[in-house]
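S.K.: Got a structure here, written out as structure tokens. Questions coming.
The values are calculated or read from the model by the stated rules, or taken from the named source; none is laboratory data. Source: prediction; values computed, not measured. Cβ placement follows ideal geometry from the backbone for every residue including glycine, while neighbour counts extend to all protein chains displayed.
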Amino acid sequence: MRFRLGEVTSSRGPVFEEAYRALEAEFGPRSELERRAVLARWLDEPSPTTHSDGALERSYHLLVAHDEEGRFAGVRDLHVVLDRRAAVAVAYLAHVLVLPPFRRTGLGALFRSTPVDMAQAAVRNAGMDVAAVPLLLAAEMEPPTPGDDASLVRLVAYGKEGFSAISPVVFPYFQPDFRDLGAEGVPSPIPLLAVVRLVGHESAVTLPASLARAFVAYLHAVFSTHVRADHLAALRAQTLGALDASGVADVPLLRLPRSLDDAATAHALTLSRLPLSRPMS
Ligand SMILES: CC(C)(COP(=O)(O)OP(=O)(O)OC[C@H]1O[C@@H](n2cnc3c(N)ncnc32)[C@H](O)[C@@H]1OP(=O)(O)O)[C@@H](O)C(=O)NCCC(=O)NCCS
């Protein structure tokens, strides 16, 4: 099957509505989607792509796919974050959805490869050498739930393409609460696997601790646009505190399952096996 990928550049109009509705139906019930106004703001008021003070440069991308007959087939959104000073790029793969009739037709793979091209283009546009700038693909994923094949399918799809999970023993990771909690609300962060692929190093069994730190720092740079600073600081303290306490220079990577039958690998990643109790707020 062939698909046409388009980038949504404004929240005004039916394309954004269709994309957001599809994401909301899939990720809303799991509290894994930002509010509509947050995505709209990222599109309508993009972050500047250059900063004189050396701050992180971020860009948000909402991609939609249609098949040859114009049918809506899927949506992916991502953030490209470039740190010129440290010479590191992170493509934060936020959400991906391939609608059921289009699954396993190549669109999932296209949605995983396009972010690499986009991040490398950002590096080049910044006048930097792609070969000299490590590119980390970063995603947050639910641990597999026994009996829920969908939770396993997404890990398999990424596992087959060289993604692994940063060991939660040294890097307990939580997605912040995306709701608008106001001043008094108590956040309810979600324990997730920090899933990564360091482009060009797909068979590595460890990740430099500096890049694990980048995972948190750069994702939090994105979250800071809509999540309270004190909520993010508490989560950073939990994740980076464990990393510091471990004293490791390279964090272990856990293999993701490569097929639905890979029960032993999946079992090692289930929530009951991981030190991911909900953090204190
Ligand atoms: C996860 C998702 C994007 C994968 O897309 P897809 O088009 O279904 O699957 P892919 O083409 O990417 O699959 C890659 C590999 O994963 C494995 N796989 C995918 N679906 C599978 C299934 N239902 N059963 C067994 N293996 C499967 C296969 O090994 C497949 O390779 P193959 O087709 O060459 O055998 C899609 O299932 C989806 O939208 N799920 C709901 C939303 C979601 O979970 N998103 C991910 C979290 S952000």
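S.K.: Among the residues of region 172-189, write down those that are modelled with pLDDT of 95 or more and hydrophobic (A, V, I, L, M, F, W, C).
M.R.: Answer for region 172-189, where residues must be modelled with pLDDT of 95 or more and hydrophobic (A, V, I, L, M, F, W, C): 174, 178.
S.K.: Going by the structure shown, is residue 166 more than 23 Å from residue 88 (Cα to Cα) and within 16 Å of the chain's Cα centre (by Cα)?
M.R.: Against the criterion (more than 23 Å from residue 88 (Cα to Cα) and within 16 Å of the chain's Cα centre (by Cα)), residue 166 does not qualify.
S.K.: Among the helices (runs of 4 or more DSSP H) confined wholly to region 198-278, which include 3 or more residues that are touching a strand residue (DSSP E or B) at 6+ places or on another chain (Cβ under 9 Å) and outside the structural domain of residue 57 (by TED's automatic domain parsing)? I'd like the intermediate steps shown before the answer.
M.R.: On the way: elements: 209-223, 229-246, 263-268.
Filter on region 198-278 gives 209-223, 229-246.
S.K.: Residues 23, 33, 39: which one is free of Cβ contacts under 8 Å to residues at least 40 places away in the same chain, within 16 Å of the ligand (Cβ to nearest atom) and buried (at least 18 other Cβ atoms within 10 Å of the Cβ)?
M.R.: On inspection, the qualifying residue turns out to be 39.
S.K.: Within the group 112, 124, which residue is within 16 Å of the ligand (Cβ to nearest atom), assigned to a helix (DSSP H, G or I), charged (D, E, K, R) and modelled with pLDDT of 95 or more? Break it down stepwise before answering.
M.R.: Working: 124 fails: within 16 Å of the ligand (Cβ to nearest atom).
None of the others qualify; the one that does is 112.
S.K.: Checking the condition within 11 Å of the ligand (Cβ to nearest atom) and within 27 Å of residue 244 (Cα to Cα), which residue from 142, 161 passes? Walk me through it before giving the result.
M.R.: On the way: 161 fails: within 27 Å of residue 244 (Cα to Cα).
The unique qualifying residue is 142.
S.K.: Also, quick follow-up: Quickly run through region 202-226 and pick out the residues that are surrounded by 21 or more Cβ atoms within 10 Å (Cβ to Cβ) and hydroxyl-bearing (Ser, Thr, Tyr).
M.R.: 218
S.K.: Residue check, residue 185 against (1) assigned to a loop (DSSP other than H, G, I, E, B); (2) more than 10 Å from the ligand (Cβ to nearest atom); (3) in contact with a strand residue (DSSP E or B) (Cβ under 9 Å, 6 or more places away or on another chain), all met but one. Which one?
M.R.: That leaves (3) as the condition not met.
S.K.: Would you be able to tell me the number of residues in region 79-109 that are touching a residue at least 12 places away in the same chain (Cβ under 8 Å), on the phi > 0 side of the Ramachandran plot and near the ligand (Cβ under 7 Å from one of its atoms)?
M.R.: Adding up the residues that qualify gives 1.
S.K.: Another question, then. Return yes when residue 18 is outside any loop (DSSP other than H, G, I, E, B), charged (D, E, K, R) and at pLDDT 95 or above and no when it is not.
M.R.: Here the answer is yes, as residue 18 does meet what is asked.
S.K.: In addition: Restrict the check to region 191-199 and report whether at least one residue is in contact with a Pro (Cβ under 7 Å, 6 or more places away or on another chain), over 25 Å from residue 242 (Cα atoms) and within 16 Å of the ligand (Cβ to nearest atom).
M.R.: no
S.K.: I'm trying to understand the selection: among the residues of region 218-237, which are within 18 Å of residue 185 (Cα to Cα) and of a type outside the set (D, E, K, R)?
M.R.: Let us first name the residues in region 218-237 that are within 18 Å of residue 185 (Cα to Cα), namely 223-235.
Passing the criteria: 223, 224, 225, 226, 227, 229, 231, 232, 233, 234, 235.
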